Structures are given as C-alpha cells and as structure tokens.
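Undergrad: The structure's right below; bear with me while I get my questions together.
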Amino acid sequence: MKRIQSQLLVFLCFVGVMVASLLLAALLSPLVFHALGTFPFHRVFDRTAEFVFVVGAVGLIRRLGAGDRATLGFGGPHSRQLAMAFLGWCVGICLLSATVLGLFMLGIRAWNPGQEVSLSVMLDLLPAALLSGLAVGSIEETFFRGAMYGGLRQRGPAAMTAILTAVLYSAVHFLGEKFRVPAEQVDWSSGFVLLSKYFAAYAQPLSIVDDFVALALLGVFLAAVRERTGHVALCIGLHAGFVTVIVMARKVSVAVYDHPWSFLVGQTNGIVGWLVALAAAAAAVAVIAWPTSRAPESTPGATDWDSTR
C-alpha cells in the first residue's frame, strides 16, 4: 500500500507540473507577447507553457532520481535503439493502416470528393507525415513512456504505472483552445482568458469518451511495450507510425459521420474511436501475455506486472 501511495504521489507531482506550467503561462504570456510582438498570442501562450513545463519536468525528474538513461528508457546501444525504432515505425504503419483500411471497407471513411488519389500523391504527402510522426512520437514517448513511466515504475507495479501514464496521456490530448485574442486586445488578463478555454472539450464528456478510451488503451499498449522491452525506442517507432498514417489518411479522405457504423470513430480526427480502442486493447493483452524468459533489455529487476523493481 505504501508503494502505491508513493506512486500516486509522484503521479500527482507530474500533474502538478503541468498545472503550474499552464498557470505560469497565463501569467507570463502577455509579457512575452508584448516583448516579442511578432507571433499570435495563442502561440506565445502555448510555447510559454511548453517551455515552463520542460523546465519543471526536468527538475522533477532529477529530484526523483530518475534521470539516468535506463530509467528514462534510453539504455542499451544506440544502434539497437535505432533499429527497434525503425521496426516499431514499420509495425505501427502496418497496424494503423489495417485499421484505416477497415474503416474504408465499412464505408466510414471515403476519399476526398474530387481529389485524385494516386501513388505519386501519397509519396508527396509522405515526407511531412513522416516528420510529424517522428516529432510527435519522440516528444510524447520520451515523456510519457520514458521519464514519467520510469519515475513511477521505480515506486510501484507495472500495471498501475501503465494505467496512470495512459490516463494522463489520453487526457492531455483534449486540452487546447480555438479561441483567439486579437493582438490589440491582449492585456495582463488575456492569458487567463485563454486558459479558461483550455478545458472546453471536457464540458461535453460524452462527445469525447470514445476518443479518450481509445487513446488511453493505446497508452496501455505502449506502456506494455515499454515494460517488455525496457526502453522507449520501439514505442517511439510505433507512435510515429500511427501518426504518419493518421496524417496521410486525413489529407486524402474524410469521415462519413452519417454512416450506420460511424459510431466506431470519434469526432476528433475521424479515425481514433471504438474500433481503435478494440484493436489497442487486443494488442495490449497480446503484449502483456507474451511469454518471456528474461528481464527486458536495460531494465533492472522483475517484469512481473504485480511487482515493483
């Protein structure tokens, strides 16, 4: 019980850093905006929050003693990590491509009206999709399945670690704003006005429940991969592959929300939803149940989902 309490306390510390970064961004962003004067206010707010969060997260990780390569998920030879990341990227593309193909076969997605879809068009879209996948996969996995997972796993069982990181991973995807403050109207309170819109998606929870559950189960799947392998390289590759497919699919197709099976996709991007949730749950169970005869690479201690290291 004490171990679980310690784990929950560390989890709340990570949440606290996120909350503090948003509050400081609300306070500081008007000052930064007037000092720079060249960027839209909402972007200044976002970048300020990100900068404060990174500084706070690094400080927390050091405080927890979780800053070594193995705990962060980057232990082992670099060449092997790159190979595992590439393997993960290939697997991620295959897995989500199969899901998207299923959406097309069910009639839930359709090609953009009037747009010719060919191999050359797909190849033109690939570089930007690859960059997006690499950026999102690297940043999110380094934090959620890297630093946060490592810090929590030191203090409690893998199952609780997977659940906590997955829930927070899903939750942050629904933070943000579409509200814009005109440059001439920015004053000391504008950051807090923007912050008040940051949780708008949660005002209608039923509209995001399918996306939330699907992303949470994807988080559990990626956490299981992290636990089994002992590093985040495969997670980064998988995540990058998922994002690559999503970016390309959204460029060339649209969701058909008036289709009888459209409940299988959510409103966020027309791809993630109950179908992805089912696939992610199956993948997570497969990884957790996969027999292993040795501890994961670069991860000290046991791999039992009910044990602590």
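Quick grid of which residues meet (1) modelled with pLDDT under 95; (2) closer than 22 Å to ILE163 by Cβ; (3) of a type in the set (Gly, Ala, Ser):
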position	(1), (2), (3)
ARG3	yes, yes, no
GLN7	yes, yes, no
VAL17	no, yes, no
LEU27	no, no, no
LEU64	yes, yes, no
THR71	yes, yes, no
SER79	yes, no, yes
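Undergrad: Yes or no: the stretch 220-232 includes at least one residue that is free of Cβ contacts under 8 Å to residues at least 24 places away in the same chain and among the aliphatic types (A, V, I, L, M).
TA: no
Undergrad: If you take the residues of the stretch 131-159 that are touching a helix residue (DSSP H, G or I) at 6+ places or on another chain (Cβ under 6 Å) and open to solvent by 40 Å² or more (accessible area, probe 1.4 Å), which of them is farthest from VAL247 (Cα to Cα)?
TA: That would be ARG155.
Undergrad: Turning to a different aspect of this structure: Among the residues of the stretch 57-78, is there at least one that is part of a helix (DSSP H, G or I), more than 25 Å from ALA135 (Cα to Cα) and either open to solvent by 40 Å² or more (accessible area, probe 1.4 Å) or not basic (Lys, Arg) (or both)?
TA: yes
Undergrad: Also: Can you tell which of ALA26, ALA49 is open to solvent by less than 90 Å² (accessible area, probe 1.4 Å), touching a Ser or Thr at 6+ places or on another chain (Cβ under 6 Å), assigned to a helix (DSSP H, G or I) and among the small types (Gly, Ala, Ser)?
TA: ALA49
Undergrad: Here is a further query. Suppose we keep only residues that are open to solvent by less than 10 Å² (accessible area, probe 1.4 Å), out of contact with any Gly (no Cβ under 8 Å at 6 or more places or on another chain) and not hydroxyl-bearing (Ser, Thr, Tyr) within the stretch 183-224. Which one would you say is nearest to ALA289 (Cα to Cα)? Can you show your working first?
TA: Taking the stretch 183-224 first, the residues open to solvent by less than 10 Å² (accessible area, probe 1.4 Å) are 190-191, 194, 211, 214, 219, 222-224.
If we keep only those that are out of contact with any Gly (no Cβ under 8 Å at 6 or more places or on another chain) too, we end up with 190-191, 194, 219, 222-224.
Now drop any that are not not hydroxyl-bearing (Ser, Thr, Tyr), which leaves 191, 194, 219, 222-224.
Working: GLY191: 47, LEU194: 45, GLY219: 17, LEU222: 14, ALA223: 14, ALA224: 10 Å.
My answer is ALA224.
Undergrad: Would a scan of the stretch 239-253 turn up a residue that is touching a strand residue (DSSP E or B) at 6+ places or on another chain (Cβ under 6 Å) and surrounded by fewer than 22 Cβ atoms within 10 Å (Cβ to Cβ)? I'd like the intermediate steps shown before the answer.
TA: Applying the first criterion (touching a strand residue (DSSP E or B) at 6+ places or on another chain (Cβ under 6 Å)) to the stretch 239-253 yields 253.
From what's left, surrounded by fewer than 22 Cβ atoms within 10 Å (Cβ to Cβ): 253.
Yes, some residue in the stretch 239-253 is touching a strand residue (DSSP E or B) at 6+ places or on another chain (Cβ under 6 Å) and surrounded by fewer than 22 Cβ atoms within 10 Å (Cβ to Cβ).
Undergrad: Got at least one residue in the stretch 135-153 being acidic (Asp, Glu), out of contact with any Asp or Glu (no Cβ under 7 Å at 6 or more places or on another chain) and without any contact (Cβ under 8 Å) to a residue 60 or more places away in the chain? Full working, then the answer.
TA: Here is the first cut: in the stretch 135-153, the ones acidic (Asp, Glu) are 140-141.
In the following step, the residues that additionally are out of contact with any Asp or Glu (no Cβ under 7 Å at 6 or more places or on another chain) were identified as 140-141.
Checking the rest, the ones that are also without any contact (Cβ under 8 Å) to a residue 60 or more places away in the chain come to none.
The answer is no; no qualifying residue exists.
Undergrad: If you take the residues of the stretch 254-292 that are part of a helix (DSSP H, G or I) and without any contact (Cβ under 8 Å) to a residue 40 or more places away in the chain, which of them is surrounded by the fewest Cβ atoms within 10 Å (Cβ to Cβ)?
TA: ALA289
Undergrad: Same structure again: Which ranges mark the helices (runs of 4 or more DSSP H) fully within the stretch 133-210 that have 1 or more residues being farther than 30 Å from GLY67 by Cβ?
TA: The helices (runs of 4 or more DSSP H) meeting that bar are 190-196.
Undergrad: From the set of residues in the stretch 98-128 that are open to solvent by 50 Å² or more (accessible area, probe 1.4 Å) and polar (S, T, N, Q), which is nearest to ALA70 (Cα to Cα)?
TA: SER120
Undergrad: For residues in the stretch 189-241 being farther than 22 Å from PHE86 by Cβ and of a type in the set (Phe, Trp, Tyr), which is modelled with the highest pLDDT?
TA: The residue in question is PHE212.
The values are calculated or read from the model by the stated rules, or taken from the named source; none is laboratory data. In this text, all values refer to a predicted model and were calculated from it rather than measured experimentally. All Cβ positions, even for glycine, are placed from backbone atoms using ideal geometry, and neighbour counts span all protein chains on display. The accessibility values were calculated without ligands, DNA or RNA, using every heavy atom of the protein model including side chains. Shrake-Rupley method; radii C 1.70, N 1.55, O 1.52, S 1.80 Å.
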